[in-house]
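The values are calculated or read from the model by the stated rules, or taken from the named source; none is laboratory data. Note that the structure is predicted; figures quoted are calculated from it, not measured. Quick reminder, even Gly has a Cβ in these numbers, built from the backbone with ideal geometry, and neighbours come from all protein chains shown. These area figures cover heavy atoms from the full protein model, side chains too; ligands, DNA and RNA do not enter into them. Shrake-Rupley method; radii C 1.70, N 1.55, O 1.52, S 1.80 Å.
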Amino acid sequence: MSDTATGTRALDRAADLVAAVVHADEPMTFADLQDASGLAKSTTSRMLTALERAGLLERDAAGLYVAGRLFWLYAARHDPWAELVRLARPVMEAIGEETGETVHLSVARGDRVVQVAQVDSTYLLGTRDWTEVDVPAHTSALGKVFLAWDVLGLPGGALERPTPATLADRAAVRRDGVRTRERGWALTLDELEIGLTGVAVPVLDVHRDVIAALGISGPTPRLEGRLDELGRHLLDQSAALTSVLRGSHAHRSTRTEEVVA
């Protein structure tokens, strides 16, 4: 076998070790990585040492392997939500094509709900750019996701009530949060604007924490008869996005050769 082929194979094995650590739900032991890679003990040790020197992997206080400083350096220098938006875009477009409604992706920043991406409705009625609009969390389906899963808390003082349908009583908001968690999706019906309905679901990261809310909005007469259907559809799409974020669609090596130490 040529030196080039051997070097390429070794690089592939090293990349698989990094991928295994990054995709894992918790830090990994040396034995875990050796079992996952199928490499000889000495080869695994040599590769892990090289990956540590490069900053791609590092060991925590317990000696377990975690993602290295280069990952955190990259994240610190870039928009932390850019990758989430990139991965979510195909899912959002699929929802838009299926429903025809405006599709939203929001995150919590501090005590605010910030929309980071939108796919416009295919209908003229109901199309609006919400990315620059700041609304109280308890008045939007996206915000209700963060309230229901305790990512955000209600602000102090009296709750805003932009319409008569708004839940402006704290106990009512808490009860609504319980219902939201039980069925899996949040709903606002004429609570931000009369004639506007929204449905939203949580997006989970590798630790099963809520990191974003994915939802749709549109005119109440067009959505109110399909709420259960839309909620279930959003749950399916959110599960697909969560799966992508967890790395389940990442490349898994099917090579059976072992790099001999």
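Comparison of V107, V91 shows that the only residue that is outside any helix (DSSP H, G or I) and either in contact with a helix residue (DSSP H, G or I) (Cβ under 9 Å, 6 or more places away or on another chain) or among the charged types (D, E, K, R) (or both) is V107.
Selection of first residues in the range 57-72 that are of a type in the set (F, W, Y) and of second residues that are open to solvent by 80 Å² or more (accessible area, probe 1.4 Å), restricted to Cβ pairs under 9 Å at least 6 apart or on distinct chains, gives the following pairs, ordered by first then second residue: Y65/R59.
Applying the criterion of being closer than 16 Å to E101 by Cα and of a type in the set (D, E, K, R) to the residues of the range 112-137, the residue that is modelled with the lowest pLDDT is R128. The residues in the range 16-56 that are aliphatic (A, V, I, L, M), loosely packed, with under 15 Cβ neighbours inside 10 Å and free of Cβ contacts under 8 Å to residues at least 40 places away in the same chain can be counted, and the count is 3.
Of all residues assigned to the range 122-144, none qualifies as being surrounded by 15 or more Cβ atoms within 10 Å (Cβ to Cβ), of a type in the set (G, A, S) and part of a strand (DSSP E or B). Taken together, A165, A200 contain a single residue that is open to solvent by less than 40 Å² (accessible area, probe 1.4 Å) and either in contact with a strand residue (DSSP E or B) (Cβ under 6 Å, 6 or more places away or on another chain) or not in a helix (DSSP H, G or I) (or both), which is A200. So W81 ticks every box in (1) surrounded by fewer than 15 Cβ atoms within 10 Å (Cβ to Cβ); (2) modelled with pLDDT under 90; (3) under 30 Å from R222 (Cβ atoms) but one. Which box is left unticked? Only one criterion in (1) surrounded by fewer than 15 Cβ atoms within 10 Å (Cβ to Cβ); (2) modelled with pLDDT under 90; (3) under 30 Å from R222 (Cβ atoms) is unmet by W81, namely (1).
Under the condition of being surrounded by fewer than 22 Cβ atoms within 10 Å (Cβ to Cβ), touching a Lys or Arg at 6+ places or on another chain (Cβ under 8 Å) and either free of Cβ contacts under 8 Å to residues at least 60 places away in the same chain or part of a helix (DSSP H, G or I) (or both), the residues counted in the range 145-154 number 1.
For L192, the requirement of being in a loop (DSSP other than H, G, I, E, B) and among the hydrophobic types (A, V, I, L, M, F, W, C) is met.
In the range 169-184, the count of residues that are open to solvent by less than 30 Å² (accessible area, probe 1.4 Å) and under 14 Å from L105 (Cα atoms) is zero.
Kindly evaluate L214 against the criterion of being under 19 Å from V113 (Cβ atoms) and assigned to a helix (DSSP H, G or I). So that I can check it myself, show each step before the final result.
Working: under 19 Å from V113 (Cβ atoms): yes; assigned to a helix (DSSP H, G or I): no.
Here the answer is no, as L214 does not meet what is asked.
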